[in-house]
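What follows is calculated from the coordinates using simple rules that are stated; it is not laboratory data. Everything numeric in this text was worked out from a predicted model, so none of it was measured. Note that each Cβ is placed from the backbone with ideal geometry, even for glycine, and that neighbours are counted across all protein chains shown.
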């Protein structure tokens, strides 16, 4: 077969398998946002059928032959095609190693586990969720045993989210965070906390929905390509750059909870919306890795959204919608309030400074689970112990403990470190951008679209062309250095707490 | 192949093709309720892929051979299997006659047309929608040319929604409605209309959402299997009996608009929720025909929802939610208000008495379109003329005229007569039920679930086992007789207007 014919073959594969992933993705989005509880069984059957077809298409010997031939002739291909072949080959090789039954059963298991978790969390019933979690861990370990037989399964999981990442690197990274941040956290806990009373109270959901629209406008998100849905645990999903969906969860007694969810997920959305048009429909479209994704969401959430300039910019709009609750609050008070640092129970609502310690709890537990040294049934106890060790807080119940995150119910083990890593990447990316554009002034004048433009140019448009660490280097002109992150945190919190 | 093997083959076909219809259906539901505007292109591509697979599966020579062998050996099969084979054969024979390109292009065209209509209606821009409508009419005529070459294409369309229906039967039916109802409508227009002022004014959407939940409870709809979404033009969709979705559209200045949408769509939902459990996953599951479906939705909307007993039952709950607007209104006033009869512009908000004249307008126009005697560009003018002839109202714009309904954008030509026919079936079904259970007393005491039970037993559980007219006879013990409908209307409106 000539090269062009072979490229047409992979074009066709991408278009076809893409349609199946799209349909399965919409089924999943629908399930997480609106589908009735009892829809789970039928959806599971449909996902089994569709994932079976995906398996067959992706392991088709003729496709694999084509990918291998293209790979051998890669010197004749454009760099984009080489990268496409590389990624397609990797995913196809991986799927081919998994028995088909196992592959399909996993898809169906995730569908069930998510539905069970959606009931177990509000019911504060870990026992209800535990059997699903146990199966998910077992199934993941088994699958990594097929795909990466020579690797420690947890390292295989980490590598899936961030190519080249392993526990040794993470131990070093988390070690640095601990040694740099613990003294600061101690100082802060001895200081007087800022006011935050105004962030709580009567914040009706229907008004918060209006505020979400204001936040989306402030971030210059194109609403003809991006919607907001509501779910138990916020996430972002997308089906190409023209169909991005963020979700939030409204707490009628809290302003900041959904506000910073929307900005966080808005950051994810901007990244997907800015994926290169030329990559659309190929495996190169979308985010490079979860760490880069989290670098964008955390950059918007914290470095922009929790900056003094953004607080001063958005407060008048918040006051229009919530005049009573925010009466007499000025920009500085708002800014300090949304940056109050205090060890707490819920990761998504944690302040920036203590945030990565929440990640460490999950990282430790995932390692234990994947090593087989603990049983799922022990998790509530271990969770409580770890939260005490890292954050000094007591966990009152599983809803605010081990059941709080949706990730494990979706089979996402090894994902959590991306949040901490992403936060650190964000600080380095921000420092790079700041040399070229003045972010605080742009935020102060409501010109966030200029920041979006910089990030699109330097990061978003490349999609999956590069591995995450490569992309970071390409964007920043230097290797990853976590000092940007620790310096940023020390500087910011010293100001807020006048240390 | 032995009979059991052949039955297994069609079991497998139903399960597989069902998964594709499920996925395509969720994509469509998502599009109509929440998907961002620009998602249309990618969704079109995905639908093309999936519908191409459905085409291939449904026209697989081996499947057709199996269906034919089973049909020849139908004396050895259970009546359920015979019916399954009959319906599968019919649909497979039909699809086989359509060129694959045409079949796929049609699926994609509907996706585009729906998105365009969703923009054209609020913009009051018929020109925007006209090219899509033209293509849909042409494509439908072409497709019926393949599937039913000997039939008038509009009769083929009618037959698709209601087996055996044709324009001759409808002309007779509508003729009877005109001769029986026009004198009554004239008498009423000379009478003093009841109060309806309290149905309009400030009805905030967030409170209407709460009221919808009350209505769903009043109808005894199982919410773990049924959700409410929001869309431009309400519809009901379902993916098996455990996943039913109704939709509504809230007008912040009107109580009755969404209230009766919810009850109407609730009727559709109850029918799907009550489809026999034994039929689940087979082609026999779900509604027998659109006319029977509309008989259920119109029965709940009008014969129950607009009954004096229901108005008296639900009013205290409405008052809890809207105390200001409904202060001093009693059950009788509410009942008369929601039954005010006056020729109007919008079909879905028309009173029961003038309703079928809206259907006649659409029926006439569809016949003209399918006969090729008019161009799509003439429709706004023809619409206005017909509305004047049948209802004596002037059409101020296309949003309240030819653009009001979603049906044509979905390619549903020949569907509208089901509404009038369904209303007439409803009256006959109601009269049958009334001989066995006392519907008004059950409604008055909030015991609608007993009515649901009767309908489930006599109608819903049979799914598609029977053709619609057969099912009606089975349920009522007599042939279809439109006098039940005209008698019911004369009786009801004579009471309301004290004629």
Task: Simple spin-label estimate for residue A:278 and residue B:457 in nanometres, 7 Å along Cα-Cβ - done: 7.0 nm
Open item on the list: Looking at the protein assembly as shown only, what percent of DSSP beta bridges run antiparallel? Nearest 5 please.
Closed with: 45 percent
- [ ] Give the relative contact order (percent, whole number) for region A:3-131; include only Cα pairs under 8 Å separated by 6+ residues.
- [x] 32 percent
Task: Computed helical MRE - 222 nm, the protein assembly as shown, DSSP H runs ≥ 4 contributing -39500 (n - 2.57), nearest 500 - done: -21000 deg cm²/dmol
- [ ] Enter the mean number of other protein chain beta carbons within 10 Å of the beta carbon of each residue in B:21-27, as an integer.
- [x] 6
TODO: Return the Cα extents of the protein assembly as shown along principal axes one, two and three, sorted largest first, each rounded to a whole Å.
DONE: 89, 72, 53
- [ ] Over the whole of B:240-252, what's the average partner chain Cβ count within 10 Å per residue? Rounded to a whole number, please.
- [x] 3
Task: Per-peptide average of other Cβ atoms within 10 Å, ordering B:128-137, B:403-412 highest first - done: B:403-412, B:128-137
- [ ] Take the Cα atoms of region B:3-150, build their convex hull, and give its volume per residue in Å³.
- [x] 128 Å³
Task: Helix axis angle, B:100-123 relative to chain B longest principal axis, alpha carbon, degrees - done: 20 degrees
TODO: Among DSSP beta bridges lying fully in region B:167-496, give the percent that are antiparallel, nearest 5.
DONE: 45 percent
Task: Rounded FRET efficiency, nearest 0.05, which uses the C-beta distance separating residue B:320 from residue A:388 and R0 of 45 Å - done: 0.45
Task: 12 Å reach of a label modelled at residue B:12, 7 Å along Cα-to-Cβ, counting backbone N of region A:16-46 - done: none
Task: Ordering of A:96-103, B:9-16 by burial proxy (mean other Cβ atoms within 10 Å per residue, highest first) - done: B:9-16, A:96-103
Open item on the list: Averaged over its residues, how many other protein chain Cβ atoms are within 10 Å of peptide A:45-55's Cβ atoms?
Closed with: 4
TODO: Please label the shape of region A:167-496 as rounded, prolate or oblate, based on the square roots a ≥ b ≥ c of the eigenvalues of the alpha-carbon gyration tensor (a/c under 1.5 means rounded; beyond that, a/b larger than b/c means prolate, else oblate).
DONE: rounded
TODO: Please report the relative contact order for chain A, taking Cα pairs under 8 Å with a sequence separation of at least 6, and give it as a percent rounded to a whole number.
DONE: 18 percent
Open item on the list: Calculate the FRET efficiency for residue B:192 and residue A:349 from the Cβ-Cβ distance with a Förster distance of 60 Å, rounded to the nearest 0.05.
Closed with: 0.50
- [ ] Would you please classify the overall shape of region A:293-336 from the alpha carbon gyration tensor, given that a ≥ b ≥ c denote the square roots of the eigenvalues, rounded means a/c under 1.5, and beyond that prolate means a/b larger than b/c while oblate covers the rest?
- [x] prolate
Open item on the list: Under a crude label model (7 Å from the Cα following the beta-carbon direction), how far is residue B:178 from residue B:93 in nanometres?
Closed with: 3.5 nm
TODO: Relative to the longest principal axis of the C-alpha atoms of chain B, give the angle of the C-alpha long axis of helix B:61-72, reported between 0 and 90° and rounded to the nearest 10°.
DONE: 80 degrees
Task: Cα long-axis angle, helix B:308-321 against chain B (0 to 90 degrees, to the nearest 10) - done: 80 degrees
Open item on the list: Run the label-point distances for residue A:146 please: 7 Å along Cα to Cβ, every other copy, nanometres, shortest first.
Closed with: 3.9
Task: Where only alpha carbons of region A:345-499 are counted, the Rg and the Dmax (Å) - done: 18.4, 53
